[in-house]
Structure formats: C-alpha cells, structure tokens
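Peer 1: Structure in structure tokens, see below.
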Amino acid sequence: ADIISTQEPTVVAKEGYLLKAKIADGGKKLRKNWSTSWIVLTARKMEFYKESKQPAMANLKPGYKPECVDLCGARIEWTSEKSSRKNVFQITTVSGNEFLFQSDIDFLILDWFHAIKNAIDRLPKE
Ligand code: I3S
C-alpha cells in the first residue's frame, strides 16, 4: 500500500540574511529593534534563525522551534513611513504580527520581496 506522509517535506524556496524588525505581536505594537536574521522561506512560511548553521542544527533537535511566520493570508507591502532606512517592506500576518525587512542591496531586497509575494499569492487566503 502507498504510505502518504502528512508531513510534507519542507522545500526551501530561498534563504539568506536580511535585517529584520518585529514591530507588532498579535496587533500589539512592539519597540522596533533591528537585527540580522537568517531567513528560510518555504511554500507557506518563513523561519528566522540567528545564523545560517542553525536550521541544520534545529533539524537534529525535535523540540526546537524557530520563530516562524505563517504566510497564509499574509500581506506584503513596501513602506517608507515605518523606517528612515531605504528598501523596507512589511509583512502582516493574519494573527496581527508585523515584521519589517531591509537590505541596502537593491537586487537582494527585490528578490526577497518577489519570492515572498509569489509564495503568498499561491496560498489560500485563510
Ligand atoms: O521608528 P523609530 O522609533 O524611529 O525606530 C528607530 C528605533 O527603533 C531605534 O531604536 P531606539 O528606539 O532604541 O532608539 C533604532 O535604533 C532605529 O534604527 C529605528 O529607526 P529606523 O529608521 O532605523 O528604522
């Protein structure tokens, strides 16, 4: 008989470093605190790690859960009001979490914006 796994393999669409700031949690405003994060984008979520070696280590630790963004129903938009930095976009989740992402390198931030927007557009809205 066929064995169908309910845990679909996690295919990484894109990963790399970006500057990140979480500015709201569940609709509640947070103090902005920029930090560099290793970001792993898959079909339906983004995971945040402190450094590039962490995802592999997290796989070995069953209990370990990185901070993660569910992209189902999320919104992504460029913003020039929420930071004095250039190249900033915001992601807002259904649960009311808000994140800013930034890079000084134009093509790099554009690639990320389009990869995430693509993922969101392919997902059901709820
Ligand atoms: O939107 P704000 O408050 O001007 O954001 C700045 C603050 O998060 C600031 O931290 P303190 O509140 O500890 O001073 C950061 O150092 C700045 O980088 C933030 O502004 P930018 O324009 O860089 O997002």
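Peer 1: Among the residues of the stretch 25-84, count how many are free of Cβ contacts under 8 Å to residues at least 40 places away in the same chain, part of a loop (DSSP other than H, G, I, E, B) and small (Gly, Ala, Ser).
Peer 2: So the count comes out to 4.
Peer 1: Val94 - would you say it is under 24 Å from Lys125 (Cβ atoms), away from the ligand (no atom under 13 Å from the Cβ) and not in a loop (DSSP other than H, G, I, E, B)?
Peer 2: Values: under 24 Å from Lys125 (Cβ atoms): yes; away from the ligand (no atom under 13 Å from the Cβ): yes; not in a loop (DSSP other than H, G, I, E, B): no.
Considered against the rule, which asks whether it is under 24 Å from Lys125 (Cβ atoms), away from the ligand (no atom under 13 Å from the Cβ) and not in a loop (DSSP other than H, G, I, E, B), Val94 comes out as no.
Peer 1: Right, Gly73: more than 16 Å from the ligand (Cβ to nearest atom) and farther than 23 Å from Asp111 by Cα or not? Don't jump to the end; show me each part of the working.
Peer 2: Details: more than 16 Å from the ligand (Cβ to nearest atom): yes; farther than 23 Å from Asp111 by Cα: no.
Considered against the rule, which asks whether it is more than 16 Å from the ligand (Cβ to nearest atom) and farther than 23 Å from Asp111 by Cα, Gly73 comes out as no.
Peer 1: While we're on this one: If you take the residues in the stretch 12-54 that are within 16 Å of the ligand (Cβ to nearest atom) and of a type in the set (Gly, Ala, Ser), which one is surrounded by the most Cβ atoms within 10 Å (Cβ to Cβ)?
Peer 2: Among those residues, the one meeting the criterion is Ser37.
Peer 1: Within the stretch 97-126, can you find the residues that are open to solvent by 50 Å² or more (accessible area, probe 1.4 Å) and within 16 Å of the ligand (Cβ to nearest atom)?
Peer 2: Asp104
Peer 1: Take the stretch 55-82 and flag every residue that is under 16 Å from the mean Cα position of the chain (by Cα), open to solvent by 80 Å² or more (accessible area, probe 1.4 Å) and over 19 Å from Val12 (Cβ atoms).
Peer 2: Taking the stretch 55-82 first, the residues under 16 Å from the mean Cα position of the chain (by Cα) are 55, 65-78.
Filter again for open to solvent by 80 Å² or more (accessible area, probe 1.4 Å), leaving 65, 75, 78.
Correct list: Arg75, Trp78.
The values are calculated or read from the model by the stated rules, or taken from the named source; none is laboratory data. Worth saying up front: this structure is predicted, and the values here are computed from it rather than measured. Neighbour counts are summed over all protein chains in view; Cβ atoms, including those assigned to glycine, are modelled from backbone coordinates with ideal geometry. Surface areas here come from the heavy atoms of the whole protein model, side chains and all, with no ligands, DNA or RNA. Shrake-Rupley method; radii C 1.70, N 1.55, O 1.52, S 1.80 Å.
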